[in-house]
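Novice: Please see the structure below; I have some questions.
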Amino acid sequence: MPDFSVKPTLIGQRVLLRPFQDSDFDGLRAALRDPEAARLTGSVTSSQAVVLAQDPTRERRLREWYSTRNAQTDRLDLAVVDVAGGACVGEVVLNKWDPDNLCCNFRTLIGPGGRDRGLGTEAIRMFIGYGFEQLHLHRISLEVFAFNPRARRVYEKVGFVAEGVLRDALRFDGRWVDATVMSVLAPEWARHRGRP
């Protein structure tokens with residue numbers, strides 16, 4: 001059985017994936033306050049929504065949330081750190097663990113400081129590889145909104161395959177947006193190791 005209590009450090013050329021540290025919160029705050037990231041992840045339903053307003057109570061709750069990620073035994077949350085600058089630029093997560101079917105959901109958040117340099121692609125490839133090669137998962141799945149073709153291209157590049165469409169899955173600015181369900185299976189990963 002996978003052991004989600006182990007929080008590894010994974011070292012790549014451009015990114016370091018590791019357990020969260022207190023110093024990561026500034027980078028996570030920047031990612032969570034980014035309007036583009038909020039829209040693309042479905043965290044808001046309108047372009048007018050305030051993203052993580054300067055609310056001390058909300059900020060305290062978020063700090064508490066991230067301070068508990070390293071203690072979770074049913075999921076794996078890691079910080080994505082830009083090796084070049086040493087700053088946390090986002091997170092990668094395996095959650096919704098289904099022990100009977102050896103599968104998890106995957107999600108990621110990369111803030112503005114980590115975009116357009118291949119950091120997300122490398123982080124996803126390393127993290128998904130860990131899920132299959134160390135945790136021995138059988139299936140890892142995700143959902144990507146139709147207005148996020150950049151993310152879909154990255155997911156396809158690392159081996160995720162479209163399975164179907166969740167029609168009208170999100171209402172954003174009064175318009176309905178579809179979400180595509182994608183997954184990668186252990187036998188597929190064994191063949192291509194994230195480079196189909």
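Novice: Using a 1.4 Å probe, how large is the accessible area of Ser46, given in Å² and rounded to the nearest 10?
Specialist: The accessible area of Ser46 comes to roughly 30 Å².
Novice: Return the distance in nm (one decimal) between the two label points of a simple spin-label model at Lys7 and Ala84, each offset 7 Å from Cα along Cα→Cβ.
Specialist: Label at Lys7, label at Ala84, 2.7 nm between them.
Novice: Ignoring ligands, DNA and RNA, how do Trp65, Trp97, Trp176 rank by accessible area with a 1.4 Å probe, largest first?
Specialist: Putting Trp65, Trp97, Trp176 in descending order of accessible area: Trp176, Trp65, Trp97.
Novice: Next question. For the chain, what does the relative contact order come out to in percent, with C-alpha contacts under 8 Å and a separation of six or more?
Specialist: The normalised contact order for the chain reaches 22 percent.
Novice: Further question on the same structure: I need the phi-derived Karplus couplings for the stretch 6-17: 6.51 cos²θ - 1.76 cosθ + 1.60, θ = phi - 60°, integer Hz, Gly and Pro marked x.
Specialist: Calculated HN-Hα couplings, in order: 7, 10, x, 10, 10, 10, x, 6, 10, 10, 10, 9 Hz.
Novice: Can I ask one more? Tell me the accessible surface of Phe132 in square angstrom (1.4 angstrom probe, heavy atoms of protein chains only), to the nearest ten.
Specialist: Roughly 20 Å² of Phe132 is accessible to a 1.4 Å probe.
Novice: Provide the solvent-accessible area of Ile128, counting protein heavy atoms only and rolling a 1.4 Å probe, rounded to the nearest 10 Å².
Specialist: Looks like 0 Å² after rounding.
Novice: What FRET efficiency comes out for the pair Ser141/Asp26, r = Cβ-Cβ distance, R0 = 30 Å, nearest 0.05? Kindly include the intermediate steps, with their values, before the conclusion.
Specialist: On the way: r = 31 Å, r/R0 = 1.03.
So the FRET efficiency works out to roughly 0.45.
Novice: A follow-up question, please. Given Cβ point charges of +1 (Lys, Arg) and -1 (Asp, Glu) and nothing else, what value in debye, to the nearest 20, does the dipole of the chain about its Cα centre take?
Specialist: Around 360 debye, computed over the chain.
Novice: For the chain, take the convex hull of the Cα atoms, compute a quarter of its surface area, and give me that in nm², please.
Specialist: That works out to 10.9 nm².
Novice: I've got another one for you. If amide hydrogens are placed 1.01 Å from N in the peptide plane, which non-local residues have theirs closer than 5 Å to the one on Val15?
Specialist: Val83
Novice: Kindly provide the helix-only [θ] at 222 nm of the chain, computed as the sum of -39,500 (n - 2.57) over DSSP H runs of four or more divided by all residues, to the nearest 500 deg cm²/dmol?
Specialist: -9000 deg cm²/dmol
The values are calculated or read from the model by the stated rules, or taken from the named source; none is laboratory data. Since the structure is predicted, the reported quantities are computational estimates derived from the model, not experimental observations. Virtual Cβ from ideal backbone geometry, glycine too; neighbours counted across all protein chains shown. Side chains included, ligands, DNA and RNA excluded: accessible areas come from the protein's heavy atoms. Shrake-Rupley method; radii C 1.70, N 1.55, O 1.52, S 1.80 Å.
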